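Have a look at the structure below, then the notes.
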Amino acid sequence: MSKEAKLELDGKSYTLPTVTGSEGEKAVDVSALRATTNYITLDDGYGNTGSCTSKITFIDGDEGILRYRGIPIEELAEKSNFIETAYLIIYGDLPNHAQIKRFSDLLTDNQFLHEDMKFHFQGFPSGAHPMAILSAMINAASCYDEDLMRWQWGKTKQFDVYVARLISQVRTIAAYSYRKSKGLPLIYPKQNYKYTANFLHMMFSNPYEDFEIKPEVVKALDLIFLLHADHEQNCSTSTVRMVASSQANLFASCAAGVCALWGPLHGGANQSVIEMLQQIHREGDDGSKFITAAKDKNSGRKLMGFGHRVYKNYDPRAKIIKVACDEVLSKLHITDPLLDIAKRLEESALNDSYFVERKLYPNVDFYSGIIMRAIGIPVEMFTVMFAIGRMPGWIANYKEIMDEPKSRIYRPRQVYTGKTINHYVPIHDRK
Ligand code: SDX
């Protein structure tokens, strides 16, 4: 028998059912609240509101735990790779040999964009932000497939093909948007390259000389993708679910996710972190001036890459990336002053009552940019890297709604605080 919540309202008492998740998370089910009490809940920023139940990712923010389909992120980071983890997140279990072979083949068979897509790239000005291009081109890519345009919600026989096509093409679009922004010729994917190596090839090769694919670089970028693969109901994933709930097609829903991810409070933070570190370096600040400013609400500055709505402990992904930073930079014989500044900022913040009292720790974005800089990814492409990594999580959440027979369109309520009734006044009678 599940526990019940008691609610006293206007002299009446009500009982509300509760829900307990597989990891003991508790929720009061308010699905019938309005019908029984004529009240709704109000929760600015949804900090206390669960929009759904989900089986994909578990986070314990107090303990700094992150698991994809029950497997700790630390184990996946050490033993798996991005494509295998993508399969796990989307289909629920680690793939066997036959399943990963089919998935890899589908990724390879679907990696080319329709040739006419090149004309869309030509339409963008050279300074266009790659996130704007990515979102637009995901929707543009769907226009070349009639079945996608006539999306049969829940009845799409080749959903797996669309899953592979989106994961594969998001990488091709990203590389093309970079090449376009630099006025470089587009480089086509190679048939025999694996996912991340092919991305580096499409980004940095040129028509007469292939880019040298260093295993340590592939490993580092693959780890970045893996660590970003899903993160329960964050802003962009909730956006994907919101659009999916209207039964829009998979590409349209994920293109909306790209837009939500772009914001500097979310996926755009990795670009803002590097810009922050560069500013501190440029100003010759040892970080203390910036920390002081970040604590001052009127400064308009935040310690980017710090803080999290859910983690009130160290983001486990930040821990993994920080270790990988040192490894990659030493293997590539790179010393980056921004890494030293980042470590100093972390050290002082973790010993500063302002950050400690608010439980502000480094999040996934604090160190990821250092690695991406080291492997040559331009800073304006950092959030695109996040989008490539997050694609499996967006797809898994889309699939979870599509596979749920009782799924309903997302339509939150509101509390109206505007003017009460008044009437039209002709313009000559207005003040
Ligand atoms: C991601 O949701 C996810 O899972 C996201 C993500 C994912 O994988 O999808 O993990 C990826 O988006 C990570 C977060 C990246 N963003 C940043 O690094 C931007 C900097 N961080 C902040 O903007 C902030 O911490 C958020 C947006 C991440 C969280 O904001 P909340 O939960 O709304 O918290 P808040 O703004 O209410 O902050 C609580 C207090 C406030 O101070 P007080 O009003 O209590 O005095 O902490 C302060 C804030 O001013 N604060 C910061 C701060 N973050 C919060 N002060 C200085 N620097 C910061 N970074």
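The values are calculated or read from the model by the stated rules, or taken from the named source; none is laboratory data. Since we're looking at a predicted model, the values are computed, not measured. Because the Cβ atoms are built from the backbone with ideal geometry, glycine has one as well, and the counts that use them run over all protein chains shown. These area figures cover heavy atoms from the full protein model, side chains too; ligands, DNA and RNA do not enter into them. Shrake-Rupley method; radii C 1.70, N 1.55, O 1.52, S 1.80 Å.
Among the residues of region 96-113, those that are surrounded by 14 or more Cβ atoms within 10 Å (Cβ to Cβ), free of Cβ contacts under 8 Å to residues at least 60 places away in the same chain and over 18 Å from THR196 (Cβ atoms) comprise GLN99, ARG102. For region 39-50, a tally of residues being assigned to a loop (DSSP other than H, G, I, E, B) and within 13 Å of the ligand (Cβ to nearest atom) returns 3.
Scanning region 210-230 for residues that are over 22 Å from ILE334 (Cα atoms) and assigned to a loop (DSSP other than H, G, I, E, B), we see that the one that is nearest to the ligand (Cβ to nearest atom) is HIS228. Out of GLY70, GLY47, GLY92, GLY61, report the one residue that is open to solvent by less than 50 Å² (accessible area, probe 1.4 Å) and without any contact (Cβ under 8 Å) to a residue 60 or more places away in the chain. Just one listed residue meets the conditions, GLY92. Checked against the criterion of being part of a helix (DSSP H, G or I) and open to solvent by 10 Å² or more (accessible area, probe 1.4 Å), the candidates ARG390, ARG373 yield just one match: ARG373. Applying the criterion of being in a helix (DSSP H, G or I) and surrounded by fewer than 20 Cβ atoms within 10 Å (Cβ to Cβ) to the residues of region 231-251, the residue that is nearest to the ligand (Cβ to nearest atom) is CYS235. Here ALA255 meets each of (1) within 11 Å of the ligand (Cβ to nearest atom); (2) open to solvent by less than 10 Å² (accessible area, probe 1.4 Å); (3) not assigned by TED's automatic domain parsing to the domain that holds LYS343 with one exception, condition (1).
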